[in-house]
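The next block holds one structure in the form of structure tokens; read it before the comments.
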Amino acid sequence: MKENAPRRWRLAAALASVLAVGGVLAGCSSSSSSSSSPAGGAPATSSGAPATSAPAAGGGGSSDTSACGSKPGVAATGTPINLGTINTQQPGTDFTDIANMAQAYFTCVNANGGVNGHPIKYSIQTEKTDPAQIASDAKQLVQGNHVVGIVGNTSILECTINHKYWESLGFYVIDSGIAPECWSTPNTAAVNMGPRYSSDGAVQYMISLKVDKIAFDQSNVPGTDYIAAGPKAIAAAANVPIQTFTTNVPIQSANSVALQLVQAAGKNGAVVLNFTPPEALKILQAAAKLHIQNNVKAWGCSTPCDTDFLASALGTAFDNKLFVNAELTPADGTNTPTMNLYRAILKQYGSNVSGGIGSFSQFGFVEARLAVQALSTVQGDYTVASVNAAFKALKDVPTGMNCGKFTYGDYPMHIPNNADYMVTPTKGQMLIVPGSGCLQISTADPQIAQYVNLAGRAPADTTSLGS
Amino acid sequence: MPSWSELQPFIVSGLALGGVYALSGVGLVVLYRATGVLYLAFGAVGAMGALIAYSLISAGAPGWAGWIVCVLFGGVLTLAYGVVFGPPLAGRDPLVKAVATLGLTLVLFGAMDLLWTSSGGQARSISLPTDNGGFSIAQIQVTWTQVLGLGLGVVLTVGTGAFLRYTSLGTAMRAMANDREITATLGVPVRRVEAAAWFGAGVLGGLAGLLLADLVALDATTLTFLVISSLAAALIGQLRSIPVTFAAALVIGLVHDLLTPITQLTDYRDMTPFVLAAIALLWVSRQGTVMSRSREEA
Amino acid sequence: MVQTTAAQKTAPAPARQGWAALRRRDTITRLSVITALLAFTLFGLPQILSQYYTDAMTQVAAYAIVALGLGMLVGRVGLYSLGQVAVLAIGAWAGARLLFATGQPFPVVLVEAGLITMLLGTLIGLPALRLRGLYFALITLMLSGAITVVLATVNFPNGGGGFTGYNGGSLHIPAIRRPSIAGGDVAYFRYAVVVAIIMFVLVYAHIKTRPGRAWAAIRQSEPAALAAGINITFYKIWAFALASFITGVAGGVLAGADRFLYSIDFHPQDSISLLAVVLMGGVYSMYGAVIAALLNSLLPAALQNWGVSQDWLTILFGIGVLQVLTTAPAGLVDQFPRDMKRLGGLIMRLVRRPAARAPAASAPPGTSGTSGTSGTSGASGAARGGKS
């Protein structure tokens, strides 16, 4: 019996694996329709928004994509310009939406005249928060894909691992960063603020609400002390006591985390969270279910909470209670030309941007747009030297999505995005806090002070809100 | 050191967490006793069921339809696994059977991340009507879902104990989990009993998945690997005693949450299930009982 | 498998001599093939491969050592450890700490990392070794869960001071140093391969001598081993200590390869996929460890480069585990050549068939012969584990 069994069961196993794969494929088709439904739901709700808040005519998606290029409708046929990016992609942490949106923008540019007739070829490398993989991804982009510019990097560790490598080769990276080195080195400039300065913004807003204590909690990932240093400095400057926590993710006991934070903050205090959307959602939902969300004066959150998924999952429990620092112009209820172009490109070319409208794809849009603008100024050949000189030369460029204009420049450190917005969940959407404008991150954070000393505050970008 | 009034809410939340661990811990033990397989894919099956329910509900299906699909998905998938992989592994060591279910866990985990990506900051949640009501203890709200979770743990503990002991199907399951061949020679319809055990196991997994998705989070990674923490309770119950597993789960939840407000220990609180399980295992192995008994691989 | 050994013992003397001669010639060919392969790996591969794949192969070298340790525990002693990634993390932590704190030569650090890991691994594993089978696997999973929490709180050294060497506020984290003779990526790849070879020889030496025989006896039957006067606990600890030592050395190699270490890179669930690839590679042969490492480290790099989601890999590993456990306990290392041989036979038959229909009558014995060997594969694989 033992002799035949293996053969029989090999067949069975093969069959089972075929079934399993088949099941996966079947599931794939069913879920692509379901996962697109929240994304599809977003434009529908935002087209309902103009009635309440946005003054401009025309709902999302009505704009023409041809505005992305110089020669509408003419496909670029010249020698391609190679650009590349490295993005984290692992279960629970997936930043490929940024690269995919940048790709969508480049596709749009290529279909509308390219950059001086040259199409952009974009190579996307992913990594699983693995230092060795991140280092070899960079080499693959340079040696294998022959890239002349790096645009769109978004990774928990990439800046730490590769900044020396980019420096040695003369690359000036345009990215959306997370690691400390994304803001403290000469060769990286981020369009986002990252965990520290966005948490700064949230804490600053809490202080403006006159809270008497702050409990700041973040996920236990590399660089927690670096991140906490910002909020601590801001709170200290305002004489508000702050208590900092770290929590291991994924959280299994969100109830106790919520209780701990609410107790620490106290009746007139505020809780500020710095987590990925699913983890932040766990804590906020736990607070709502325990009915303790009103036991503190306010809740704050860094940028990741700025997603409609979170707003709709929370229902009305946190309306005017939760305030989220948003690094870019919130997509809901904003109908500027830039926003309409973004929505149109997303619709026409962004089929693999799985999260749809949201801050991640906005980052990709801004980064790609900055790159194209820089590339169009290059005279002669597109080499590493000429392209990166153009990146570095970007100065006071309105991105249409940042409070301030974007400047790269020749500095030992870069925090080009140091003013942003506050949003709050309102009927399942994240809308700008009524009456609030741009929030400048305080120079009480020594890093911000150092940067402002070097480069000054960026001039305001009046196109970003369209008002 | 927090004061007593500050600790009180953590007792309530600790019991709720214990209820979560109990639900999957007791589930694991029930399955182990009925099928002889430590079904480590328990969490993954429930997670996938809950995600399917989420997709159906957000596509416009009524809630109850989603819940039924979730529970049925657990049952059917587990039954399929049992039918395909049960017999070829029947004579093998319990360890090999457990590792095989890790294979299923990997398949489901990969599939879930592929189908319900977290890119673009997608956060999902599932909400049961029992979330809306509840009562208040120690200044915090206890939802009916939490009560339901704990209640299901109690029902499972009492119900499955009685079922396995007093019904003929339960007796057959226990016999089969012990020795399949001998049970077959006694005239028990092994295949049918086995199918019933697997299907029941899967239904339980789906049900637990639905509740845990509400109580913990609707997140593939969290729910899949929640099994590791719940396993601690099952191990303290020596994969055999359902009441001990239930009690152990409550203790783990309580200790974990009571450590949360204690500044010196709060960073290490997530070690609770592992440390308690290790201590229990080692203490029991010192007594030289069942723990070190393991069937030789033929 | 007991019969196999018995049959060998009772084989007539002349036949045994013939066997020995055959085996000697076999050994010589095998040695020369291995030498050629290693020479190619060290000198040929870096010439062909891009830097991207050279880096991936450095990872393969490090993980081949880890897989060797786990494969040895599973295949030789029957201990399924679900905590090897935690052991690897201890080695990497110790290696990184020593590399930051001291100017000691790299090989010395590797040995020290190995010894520290061996000490800690054995201390932690000692009580666990009282348990068997399923319970041993589960307690290693529990312990690795606990170690992961500690590491997440303590963090990996990043050039800071104090015992932990961690500075969470650092704005510029320095890279972990590499040996002076192997600072570049290609040189470090060769360095890692040489370390891996030494570890393989170390384990080979154990398997071929007294401990190997003791492990084989324990794996077949503990009561029988006990009756034969083998100190079971001692040899189990020995196996666990050896596996911890080489895994610790691998951790040191990994520290130099990665140059930056984070606790989030050592998940308890990685131990599960590590067990999956080790089972898929094959636990009864040392080649299995190399295949496991290729599956673990090269395949993801390749898929990533081709733009295929890593989730497919997770699914593949899951299917692989199920397939190995149900049909091919000896793993790919055993199954692949057999499948190739059968494929070859199939092609040969297809080629021959149209040419000569007449000898078709002689075909059935041939086919039944091949299927016979595949049918007993499980037993032969297990036997090889026992034979060592």
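Among the residues of segment C:191-231, what is the count of those that are among the aliphatic types (A, V, I, L, M) and more than 23 Å from the chain's Cα centre (by Cα)? Walk me through it before giving the result.
Start the filter on segment C:191-231 by keeping residues that are among the aliphatic types (A, V, I, L, M), which leaves C:192-199, C:201-203, C:205, C:207, C:214, C:216-218, C:224-228, C:230.
Now restrict to residues that are more than 23 Å from the chain's Cα centre (by Cα): C:224-228, C:230.
Count: 6.
Scan segment A:258-269 and give yes if some residue there is surrounded by fewer than 24 Cβ atoms within 10 Å (Cβ to Cβ) and in a strand (DSSP E or B), otherwise no. Within segment A:258-269 (the criterion being surrounded by fewer than 24 Cβ atoms within 10 Å (Cβ to Cβ) and in a strand (DSSP E or B)), the answer is no, since none of the residues qualifies. Of the residues making up segment B:107-120, those that are surrounded by 22 or more Cβ atoms within 10 Å (Cβ to Cβ), at the interface with another protein chain (Cβ under 7 Å from one of its Cβ atoms) and part of a helix (DSSP H, G or I) are B:Val107, B:Phe109, B:Gly110, B:Ala111, B:Asp113, B:Leu115.
Looking only at segment C:253-260, decide whether some residue is over 30 Å from A:Gln89 (Cα atoms) and assigned to a helix (DSSP H, G or I). Checking segment C:253-260: not a single residue is over 30 Å from A:Gln89 (Cα atoms) and assigned to a helix (DSSP H, G or I). From the list B:Ala208, B:Ala217, B:Ala234, B:Ala213, the one residue that fits, being outside any helix (DSSP H, G or I) and closer than 23 Å to A:Ile251 by Cα, is B:Ala217. With (1) over 17 Å from the mean Cα position of the chain (by Cα); (2) touching a residue at least 24 places away in the same chain (Cβ under 8 Å) as the list, and A:Ala393 as the residue in question, which single condition is left unmet? The number of the failed condition is (2). Here A:Phe171 fulfils each of the conditions (1) aromatic (Phe, Trp, Tyr); (2) within 14 Å of chain C (Cβ to nearest Cβ); (3) part of a loop (DSSP other than H, G, I, E, B) apart from (2). For segment C:274-283, residues that are closer than 17 Å to C:Ala89 by Cβ and facing chain B (nearest Cβ under 10 Å) total 1.
Taken over segment C:304-353, the criterion of being outside any helix (DSSP H, G or I), among the aliphatic types (A, V, I, L, M) and under 18 Å from the mean Cα position of the chain (by Cα) is satisfied by C:Ala328, C:Ala330. Checked against the criteria, A:Ser136 does not count as away from chain B (no Cβ under 14 Å) and either surrounded by fewer than 22 Cβ atoms within 10 Å (Cβ to Cβ) or in a strand (DSSP E or B) (or both).
Would you mind stating whether C:Ala328 is away from chain B (no Cβ under 14 Å) and either in contact with a helix residue (DSSP H, G or I) (Cβ under 8 Å, 6 or more places away or on another chain) or of a type outside the set (Ser, Thr, Tyr) (or both)?
In short, no.
Scanning segment A:80-113 for residues that are in contact (Cβ under 8 Å) with a residue 60 or more places away in the chain and in a loop (DSSP other than H, G, I, E, B) gives A:Gly92, A:Phe95.
You will find that of A:Ser219, A:Ser253, A:Ser208, the residue that is in contact (Cβ under 8 Å) with a residue 40 or more places away in the chain and hydroxyl-bearing (Ser, Thr, Tyr) is A:Ser219 and no other. Restricted to helices (runs of 4 or more DSSP H) entirely inside segment A:181-243, those with at least 2 residues that are within 14 Å of another protein chain (Cβ to nearest Cβ) and either among the acidic types (Asp, Glu) or within 11 Å of A:Asp445 (Cα to Cα) (or both) are A:194-208, A:224-237. Looking only at segment A:320-340, count how many residues are farther than 16 Å from A:Thr303 by Cα and touching a Gly at 6+ places or on another chain (Cβ under 8 Å). So the count comes out to 7. Applying the set (1) at pLDDT 95 or above; (2) not assigned by TED's automatic domain parsing to the domain that holds A:Ala233 to A:Gln140 leaves exactly one unmet item: (1).
Consider segment B:131-153. How many of its residues are without any contact (Cβ under 8 Å) to a residue 40 or more places away in the chain and on the phi < 0 side of the Ramachandran plot? Number of matching residues: 9.
Would you tally the residues in segment A:244-267 being within 14 Å of chain C (Cβ to nearest Cβ) and over 16 Å from A:Ser302 (Cα atoms)? Spell out the reasoning first.
Filtering segment A:244-267 for residues within 14 Å of chain C (Cβ to nearest Cβ) gives A:244-253.
Still in the list and also over 16 Å from A:Ser302 (Cα atoms): A:248-253.
Total satisfying the criteria: 6.
Just one of the listed residues (B:Leu95, B:Leu104) is within 16 Å of the chain's Cα centre (by Cα), within 7 Å of another protein chain (Cβ to nearest Cβ), touching a residue at least 60 places away in the same chain (Cβ under 8 Å) and surrounded by 21 or more Cβ atoms within 10 Å (Cβ to Cβ), namely B:Leu104.
Conditions (1) among the polar types (S, T, N, Q); (2) surrounded by fewer than 24 Cβ atoms within 10 Å (Cβ to Cβ), marked per residue:
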position: C:Gly69; (1), (2): no, no
position: C:Leu82; (1), (2): no, no
position: C:Gly103; (1), (2): no, yes
position: C:Thr117; (1), (2): yes, no
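Since C:Ser271 meets every condition but one in (1) more than 30 Å from C:Gln104 (Cβ to Cβ); (2) within 11 Å of chain B (Cβ to nearest Cβ); (3) touching a residue at least 60 places away in the same chain (Cβ under 8 Å), which condition does it not meet? Condition (1) is where C:Ser271 drops out. Within segment C:275-295, being crowded, with 24+ Cβ neighbours inside 10 Å and assigned to a loop (DSSP other than H, G, I, E, B) holds for C:Gly282, C:Val283, C:Tyr284. Against the condition touching a helix residue (DSSP H, G or I) at 6+ places or on another chain (Cβ under 9 Å), surrounded by fewer than 21 Cβ atoms within 10 Å (Cβ to Cβ) and either under 23 Å from B:Ser119 (Cβ atoms) or not assigned by TED's automatic domain parsing to the domain that holds A:Asn388 (or both), how does A:Thr107 come out, does it pass? Considered against the rule, which asks whether it is touching a helix residue (DSSP H, G or I) at 6+ places or on another chain (Cβ under 9 Å), surrounded by fewer than 21 Cβ atoms within 10 Å (Cβ to Cβ) and either under 23 Å from B:Ser119 (Cβ atoms) or not assigned by TED's automatic domain parsing to the domain that holds A:Asn388 (or both), A:Thr107 comes out as yes. Looking across segment A:289-310, the residues that are more than 9 Å from chain B (Cβ to nearest Cβ) and modelled with pLDDT of 90 or more come down to A:Gln293, A:Asn294, A:Val296, A:Lys297, A:Ala298, A:Trp299, A:Gly300, A:Cys301, A:Ser302, A:Thr303.
Checking each residue in segment C:125-159 for being within 10 Å of chain A (Cβ to nearest Cβ) and either part of a loop (DSSP other than H, G, I, E, B) or over 31 Å from the mean Cα position of the chain (by Cα) (or both) picks out C:Asn155, C:Phe156, C:Asn158.
To keep it simple, each residue is scored yes or no on (1) within 14 Å of C:Val278 (Cα to Cα); (2) crowded, with 24+ Cβ neighbours inside 10 Å.
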{"position": "C:Ser297", "(1), (2)": "yes, yes"}
{"position": "C:Ala302", "(1), (2)": "no, no"}
{"position": "C:Ser309", "(1), (2)": "no, no"}
{"position": "C:Trp312", "(1), (2)": "no, no"}
{"position": "C:Gly318", "(1), (2)": "yes, yes"}
{"position": "C:Thr326", "(1), (2)": "no, yes"}
{"position": "C:Gly331", "(1), (2)": "yes, yes"}
{"position": "C:Phe336", "(1), (2)": "no, no"}
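Consider segment A:366-390 and keep the residues that are in contact with a Leu (Cβ under 8 Å, 6 or more places away or on another chain) and assigned to a helix (DSSP H, G or I). The one that is nearest to A:Val324 (Cα to Cα) is A:Val366. Scanning segment B:121-148 for residues that are of a type in the set (Gly, Ala, Ser), buried (at least 19 other Cβ atoms within 10 Å of the Cβ) and at pLDDT 85 or above returns a single hit, B:Ser125.
The values are calculated or read from the model by the stated rules, or taken from the named source; none is laboratory data. Since we're looking at a predicted model, the values are computed, not measured. Using ideal geometry, Cβ is built from the backbone for each residue, glycine included, and neighbour counts are taken over all protein chains shown.
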